[in-house]
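Student: A single structure is presented below for examination.
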Amino acid sequence: MAAKRMPFQLPRPLSVLAGALTAAGVVLAVAGCSHITPLGPDPAPVSLPPARDLGSPIVMQIMRSQPATPAGECPAGSIDLFGSEPNVPRAAVASSRPVQAGTGSAATPAPVATPPAGVACYRPVGTPVTITSAAVSSVTTKPNQPGPAWYAFVVAFPADDVPALTALVRQAYDDGDAIGMSVAGKLWQAPRPRSRFNALRAEQLNLLSRNQAFQLYRLLVPPS
(Lines give C-alpha, C1' and ligand atoms only; values in the text may rest on other atoms or scores of the structure.)
Protein backbone atom coordinates (compact mmCIF):
# COMPACT_ATOMS: atom_id res chain seq x y z
CA MET A 1 0.00 0.00 0.00
CA ALA A 2 1.37 3.41 -0.93
CA ALA A 3 2.24 5.74 1.91
CA LYS A 4 -0.40 8.36 2.61
CA ARG A 5 0.52 11.95 1.78
CA MET A 6 -0.72 14.45 4.33
CA PRO A 7 -2.28 17.76 3.27
CA PHE A 8 -0.49 20.68 4.88
CA GLN A 9 -1.64 24.30 4.94
CA LEU A 10 1.06 26.67 3.74
CA PRO A 11 0.72 30.18 5.17
CA ARG A 12 0.91 33.36 3.13
CA PRO A 13 4.33 34.98 2.50
CA LEU A 14 6.00 35.96 5.74
CA SER A 15 6.75 39.66 5.25
CA VAL A 16 4.67 40.66 8.28
CA LEU A 17 6.29 38.09 10.55
CA ALA A 18 9.80 38.60 9.18
CA GLY A 19 10.87 35.13 8.27
CA ALA A 20 10.16 31.51 7.86
CA LEU A 21 9.16 30.83 11.45
CA THR A 22 5.56 31.91 10.89
CA ALA A 23 4.84 28.41 9.71
CA ALA A 24 6.23 27.26 13.02
CA GLY A 25 4.52 29.96 15.06
CA VAL A 26 1.20 28.19 15.38
CA VAL A 27 0.11 25.09 17.25
CA LEU A 28 -0.39 21.95 15.18
CA ALA A 29 -2.27 18.77 16.02
CA VAL A 30 -0.30 16.34 18.14
CA ALA A 31 -0.90 13.34 15.89
CA GLY A 32 -2.31 12.44 12.50
CA CYS A 33 -2.40 14.71 9.46
CA SER A 34 -1.56 18.13 10.84
CA HIS A 35 -2.65 21.49 9.46
CA ILE A 36 -1.05 24.87 9.99
CA THR A 37 -3.66 27.49 10.83
CA PRO A 38 -4.00 29.80 7.79
CA LEU A 39 -2.45 33.24 8.33
CA GLY A 40 -3.98 34.81 5.24
CA PRO A 41 -6.78 34.33 2.72
CA ASP A 42 -6.78 31.24 0.54
CA PRO A 43 -3.48 29.62 1.60
CA ALA A 44 -2.22 27.04 -0.87
CA PRO A 45 -2.43 23.44 0.39
CA VAL A 46 0.87 21.59 0.45
CA SER A 47 1.10 17.82 0.35
CA LEU A 48 3.70 16.36 2.68
CA PRO A 49 5.22 12.96 1.97
CA PRO A 50 6.10 10.65 4.86
CA ALA A 51 9.11 11.57 6.97
CA ARG A 52 12.43 10.30 5.64
CA ASP A 53 16.11 10.35 6.48
CA LEU A 54 17.57 13.60 5.20
CA GLY A 55 20.42 13.64 2.72
CA SER A 56 22.12 16.30 4.89
CA PRO A 57 21.17 17.01 8.51
CA ILE A 58 19.50 20.28 9.47
CA VAL A 59 21.27 22.13 12.29
CA MET A 60 19.07 24.58 14.20
CA GLN A 61 20.84 27.03 16.52
CA ILE A 62 20.31 30.42 18.09
CA MET A 63 22.04 33.13 16.06
CA ARG A 64 22.90 36.57 17.43
CA SER A 65 23.15 39.36 14.87
CA GLN A 66 26.61 40.94 14.55
CA PRO A 67 27.64 44.14 12.75
CA ALA A 68 29.93 43.73 9.77
CA THR A 69 33.45 45.12 9.84
CA PRO A 70 34.20 48.47 8.12
CA ALA A 71 35.47 46.41 5.18
CA GLY A 72 32.06 44.77 4.82
CA GLU A 73 33.10 41.38 6.19
CA CYS A 74 31.80 39.25 9.03
CA PRO A 75 33.92 39.47 12.21
CA ALA A 76 35.83 36.46 13.50
CA GLY A 77 33.60 33.86 15.13
CA SER A 78 30.51 34.88 13.15
CA ILE A 79 28.78 33.34 10.13
CA ASP A 80 27.58 35.02 6.95
CA LEU A 81 24.01 34.28 5.89
CA PHE A 82 24.33 32.28 2.65
CA GLY A 83 20.62 31.92 1.87
CA SER A 84 18.72 34.65 0.04
CA GLU A 85 16.23 35.07 2.87
CA PRO A 86 13.78 37.93 2.22
CA ASN A 87 13.77 41.12 4.31
CA VAL A 88 17.27 40.71 5.76
CA PRO A 89 19.44 43.88 5.85
CA ARG A 90 22.92 43.28 4.43
CA ALA A 91 26.13 45.29 4.69
CA ALA A 92 27.89 46.11 1.44
CA VAL A 93 30.96 44.06 0.62
CA ALA A 94 34.17 45.91 -0.24
CA SER A 95 34.83 45.75 -3.96
CA SER A 96 37.76 43.74 -5.27
CA ARG A 97 39.33 43.28 -8.67
CA PRO A 98 37.99 40.25 -10.52
CA VAL A 99 40.45 37.45 -11.20
CA GLN A 100 41.03 36.98 -14.94
CA ALA A 101 40.27 33.48 -16.15
CA GLY A 102 43.11 31.48 -17.65
CA THR A 103 43.37 31.36 -21.43
CA GLY A 104 43.36 28.32 -23.65
CA SER A 105 40.33 26.64 -22.04
CA ALA A 106 36.83 26.61 -23.46
CA ALA A 107 35.35 24.87 -20.41
CA THR A 108 32.32 26.60 -18.92
CA PRO A 109 31.69 25.98 -15.21
CA ALA A 110 28.30 24.63 -14.26
CA PRO A 111 25.97 27.23 -12.71
CA VAL A 112 25.84 27.13 -8.92
CA ALA A 113 23.66 28.84 -6.35
CA THR A 114 25.50 31.90 -5.09
CA PRO A 115 24.88 33.97 -1.97
CA PRO A 116 23.21 37.37 -2.40
CA ALA A 117 25.22 40.58 -2.50
CA GLY A 118 26.29 41.96 0.86
CA VAL A 119 26.72 40.21 4.18
CA ALA A 120 24.45 39.51 7.15
CA CYS A 121 26.51 38.26 10.08
CA TYR A 122 25.47 36.05 13.00
CA ARG A 123 27.30 34.52 15.95
CA PRO A 124 26.15 31.03 17.01
CA VAL A 125 24.91 30.89 20.61
CA GLY A 126 24.29 27.86 22.82
CA THR A 127 23.85 24.23 21.86
CA PRO A 128 22.50 23.34 18.40
CA VAL A 129 19.73 20.85 17.67
CA THR A 130 20.44 18.47 14.79
CA ILE A 131 17.55 17.08 12.71
CA THR A 132 18.32 13.92 10.73
CA SER A 133 14.82 13.04 9.47
CA ALA A 134 11.79 15.08 8.45
CA ALA A 135 8.90 15.33 6.00
CA VAL A 136 9.74 17.81 3.22
CA SER A 137 7.23 19.30 0.79
CA SER A 138 8.04 20.15 -2.81
CA VAL A 139 9.22 23.66 -3.76
CA THR A 140 6.46 26.11 -4.69
CA THR A 141 6.53 29.66 -6.03
CA LYS A 142 4.90 32.28 -3.80
CA PRO A 143 3.87 35.57 -5.44
CA ASN A 144 5.06 38.65 -3.57
CA GLN A 145 3.57 41.94 -4.74
CA PRO A 146 5.32 44.25 -5.02
CA GLY A 147 8.65 42.56 -5.40
CA PRO A 148 10.14 39.32 -6.70
CA ALA A 149 8.52 35.95 -6.08
CA TRP A 150 9.70 33.74 -3.23
CA TYR A 151 10.48 30.04 -3.53
CA ALA A 152 9.23 28.11 -0.53
CA PHE A 153 8.90 24.66 0.93
CA VAL A 154 7.91 23.21 4.29
CA VAL A 155 9.90 20.96 6.61
CA ALA A 156 7.85 19.12 9.26
CA PHE A 157 9.93 17.89 12.19
CA PRO A 158 9.67 14.51 13.97
CA ALA A 159 7.74 14.56 17.26
CA ASP A 160 10.84 13.55 19.22
CA ASP A 161 12.62 16.75 18.16
CA VAL A 162 9.75 19.14 18.92
CA PRO A 163 10.54 19.80 22.63
CA ALA A 164 14.17 20.74 21.97
CA LEU A 165 13.23 22.93 18.98
CA THR A 166 10.48 24.66 20.92
CA ALA A 167 12.85 25.44 23.80
CA LEU A 168 15.35 26.82 21.29
CA VAL A 169 12.85 29.20 19.71
CA ARG A 170 11.48 30.36 23.08
CA GLN A 171 14.99 31.23 24.22
CA ALA A 172 15.64 33.11 20.96
CA TYR A 173 12.41 35.05 21.41
CA ASP A 174 13.21 35.93 25.03
CA ASP A 175 16.72 37.12 24.12
CA GLY A 176 15.78 38.90 20.89
CA ASP A 177 17.89 36.54 18.78
CA ALA A 178 17.29 34.66 15.54
CA ILE A 179 16.99 30.95 14.81
CA GLY A 180 19.54 29.79 12.27
CA MET A 181 19.02 26.85 9.97
CA SER A 182 22.26 25.43 8.59
CA VAL A 183 22.63 22.62 6.07
CA ALA A 184 25.91 21.32 4.59
CA GLY A 185 27.96 23.94 6.41
CA LYS A 186 25.96 26.96 5.14
CA LEU A 187 23.54 29.20 7.03
CA TRP A 188 20.42 29.27 4.85
CA GLN A 189 18.14 31.42 6.97
CA ALA A 190 18.02 33.13 10.35
CA PRO A 191 14.55 34.56 11.02
CA ARG A 192 13.77 36.22 14.33
CA PRO A 193 10.63 34.79 16.00
CA ARG A 194 7.96 37.40 16.67
CA SER A 195 5.92 35.38 19.17
CA ARG A 196 6.21 32.74 21.87
CA PHE A 197 4.29 29.60 20.96
CA ASN A 198 3.53 26.14 22.28
CA ALA A 199 5.30 23.89 19.80
CA LEU A 200 7.67 24.21 16.85
CA ARG A 201 6.51 21.36 14.62
CA ALA A 202 7.25 22.74 11.16
CA GLU A 203 9.11 25.49 9.39
CA GLN A 204 8.55 27.16 6.04
CA LEU A 205 11.69 28.11 4.15
CA ASN A 206 11.56 31.17 1.90
CA LEU A 207 14.31 32.06 -0.54
CA LEU A 208 14.47 34.73 -3.23
CA SER A 209 16.71 32.56 -5.43
CA ARG A 210 15.14 29.67 -7.33
CA ASN A 211 18.56 28.07 -7.71
CA GLN A 212 19.17 28.26 -3.98
CA ALA A 213 15.74 26.85 -3.15
CA PHE A 214 16.31 23.78 -5.31
CA GLN A 215 19.92 23.41 -4.15
CA LEU A 216 18.76 23.29 -0.53
CA TYR A 217 15.86 20.98 -1.36
CA ARG A 218 18.21 18.51 -3.09
CA LEU A 219 20.58 18.57 -0.12
CA LEU A 220 17.67 17.49 2.06
CA VAL A 221 16.00 15.19 -0.49
CA PRO A 222 18.64 13.86 -2.90
CA PRO A 223 17.44 12.52 -6.26
CA SER A 224 16.62 8.83 -6.15
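The values are calculated or read from the model by the stated rules, or taken from the named source; none is laboratory data. Model, not experiment: these values are computed from the prediction. When we count neighbours, we look across all protein chains shown, and the Cβ atoms used for this are built from the backbone with ideal geometry, even at glycine. We work out accessible area using only protein heavy atoms, side chains counted, and drop any ligands, DNA or RNA first. Shrake-Rupley method; radii C 1.70, N 1.55, O 1.52, S 1.80 Å.
Student: Show the residue pairs that are 6+ apart or on different chains and have beta-carbon atoms under 7 Å apart, the first residue being within segment 161-181 and open to solvent by 60 Å² or more (accessible area, probe 1.4 Å), the second being outside any helix (DSSP H, G or I) and of a type in the set (D, E, K, R).
Tutor: From segment 161-181, the pairs are R170/R196; Y173/R196.
Student: Just to be sure I understand, how many residues within segment 134-189 are within 21 Å of L48 (Cα to Cα) and of a type in the set (D, E, K, R)?
Tutor: Number of matching residues: 3.
Student: Counting residues that are within 16 Å of I62 (Cβ to Cβ) and touching a strand residue (DSSP E or B) at 6+ places or on another chain (Cβ under 7 Å), which strands (runs of 3 or more DSSP E) fully inside segment 132-224 reach at least 3? Walk me through how you get there before you give the answer.
Tutor: Details: elements: 140-142, 150-156, 178-183, 186-189, 202-207.
In segment 132-224, the matching strands (runs of 3 or more DSSP E) lie at 178-183, 186-189.
Student: Now for a different question. Working only within segment 59-106, note down all residues that are surrounded by 14 or more Cβ atoms within 10 Å (Cβ to Cβ), in a loop (DSSP other than H, G, I, E, B) and modelled with pLDDT of 85 or more.
Tutor: Matches in segment 59-106: A68, T69, G72, E73, C74, S78, F82.
Student: Residues of segment 190-213 being closer than 20 Å to A149 by Cβ and open to solvent by less than 50 Å² (accessible area, probe 1.4 Å), which ones? I'd like the intermediate steps shown before the answer.
Tutor: Taking segment 190-213 first, the residues closer than 20 Å to A149 by Cβ are 191, 203-213.
Hits for segment 190-213 are P191, E203, Q204, L205, N206, L207, S209, Q212, A213.
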